[in-house]
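The structure under discussion appears below in the form of structure tokens.
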Amino acid sequence: MIKKLMLLAFIILVASCKNEETKEGYVLNGSIDSSVDGKTMRLRNADLNNVTFVDSTIIKDGKVTFTGKVDSPDLYLLSIDGVPGGMPIVLENENISIQFYKDSLQSSKVTGSHENDIFKVFKDISDPIRAKNQAMGQEFMAARTAGDTAKMKTIQEEFQKIVDNGNLENLEAIKKHNDVVTSAAILENLIKTKGIEMAKAQELYDNFTDPVKNSRIGKSINDLLVSGKATAIGSVAPNFTAPNPEGNMLTLNDLKGKVTIIDFWAAWCGPCRRENPNVVKVYEKYHDKGLEIIGVSLDGNPRQKDAKGEWLAAIEKDGLTWHQVSNLQYFNDPVAKQYNIQSIPATFILDAEGKIIAKNLRGPELEAKMAELLN
């Protein structure tokens, strides 16, 4: 009898293990108004610079199902063809249920997922800020139309206070919920939007549990922190090598002068193109005194039909006679990643030893700095 009981226990144990194996991965079941039956719902990653579609399904009888497996929880986006907006969701290997609202996908309700429970905590912080942004944005536009600069400044200052308060709430929530990748996603966004000092970001990152640090987003944060330190004012600018328009490889350390500007730009970037005449003026005035400029183009935008052709045409049209390099990989450019570039134009000013002494100076500020350094 004892042997039979032991055998039965073993069979139950094996069966339980097999059941656990079959349940590995996520099952996402959603319900939505049947008026969108026949439309395609798509699941993709949340990286705007490198969009990858993971799965898609046809909505039938107001129901959808997605199945799969993620190595660690991560942020994704659900969208429906022909329906405005999308719904961010943290995918983890659980049985997740969603009640979709077709007229407001972002307001859809998620159950069965601890990560998404915490995601709602952050959403409750951001939603009022988003609503304020919309209302105050309309006030700002009205003030600009009326030419009321004082009102415009007041609105900007008031909104910045709202954003700063929201960021403080986010930081407290990140610290409290240190065991979810959702917190890492919020911290990553704060770093990329420069909503947090790097020292504070490092402190919050160090507080994360190991599974969060080892997630894709956790590793991304670590890379941002490393590159942030490497490109901080006072650090020696990281060396890099990249191809010029002729395909020859140029290296930063071989091109530096008494003062060097690393200028991140792109042909498709309006603000960059508007700033180029100022950079041309500075270069023509100070090149003979030892100024060198290395332009790093982030062309390769998926919307560009001929990225290299547009890059070369912009160099010619804008009269950019200094060194130019590009891997034509948009924001995935390895030099841009090395320098933690999240938006352009972006500039780094180096002294004769290659140390970073200033960042993101433009127009009169850039010319004044050159005068200080080279006159």
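The values are calculated or read from the model by the stated rules, or taken from the named source; none is laboratory data. Predicted, not measured: the structure shown is a model, and the values here were computed from it. Using ideal geometry, Cβ is built from the backbone for each residue, glycine included, and neighbour counts are taken over all protein chains shown. Just so you know, the surface numbers come from the protein's heavy atoms only, side chains and all, with ligands and any DNA or RNA stripped out. Shrake-Rupley method; radii C 1.70, N 1.55, O 1.52, S 1.80 Å.
Things to note:
- Every condition in (1) touching a residue at least 24 places away in the same chain (Cβ under 8 Å); (2) under 14 Å from I59 (Cβ atoms); (3) open to solvent by less than 60 Å² (accessible area, probe 1.4 Å) holds for P73 except the one numbered (2).
- Filtering the stretch 136-152 to residues that are out of contact with any helix residue (DSSP H, G or I) (no Cβ under 9 Å at 6 or more places or on another chain) and surrounded by fewer than 12 Cβ atoms within 10 Å (Cβ to Cβ) leaves Q138, T145, A146, G147.
- Any hit, the stretch 197-209, residues being small (G, A, S), part of a helix (DSSP H, G or I), within 30 Å of D117 (Cα to Cα) and in contact with a His (Cβ under 9 Å, 6 or more places away or on another chain): no
- Criterion (farther than 22 Å from N50 by Cα, among the small types (G, A, S) and open to solvent by 20 Å² or more (accessible area, probe 1.4 Å)) met by exactly one of A352, A314: A352
- Condition check for L328: of a type in the set (A, V, I, L, M), open to solvent by 30 Å² or more (accessible area, probe 1.4 Å) and within 26 Å of the chain's Cα centre (by Cα): yes
- Boolean, Q160 is of a type outside the set (D, E, K, R), closer than 30 Å to N133 by Cα, part of a helix (DSSP H, G or I) and open to solvent by less than 60 Å² (accessible area, probe 1.4 Å): no
- Looking across the stretch 77-107, the residues that are touching a residue at least 24 places away in the same chain (Cβ under 8 Å), open to solvent by less than 50 Å² (accessible area, probe 1.4 Å) and part of a loop (DSSP other than H, G, I, E, B) come down to V83, E92, F100.
- Residue under evaluation K258, criteria (1) farther than 30 Å from L91 by Cβ; (2) open to solvent by 80 Å² or more (accessible area, probe 1.4 Å); (3) over 21 Å from the mean Cα position of the chain (by Cα); (4) at pLDDT 95 or above, criterion not met: (4)
- Of all residues in the stretch 279-289 being surrounded by 15 or more Cβ atoms within 10 Å (Cβ to Cβ) and either modelled with pLDDT under 95 or in contact with a strand residue (DSSP E or B) (Cβ under 9 Å, 6 or more places away or on another chain) (or both), the one that is farthest from N340 (Cα to Cα): K285
- Pairs are defined by a Cβ separation below 6 Å, a sequence spacing of at least 6 or placement on different chains, a first member in the stretch 273-286 that is under 10 Å from G319 (Cα atoms), and a second member that is at pLDDT 95 or above and of a type in the set (D, E, K, R); the pairs so defined are N276/D318.
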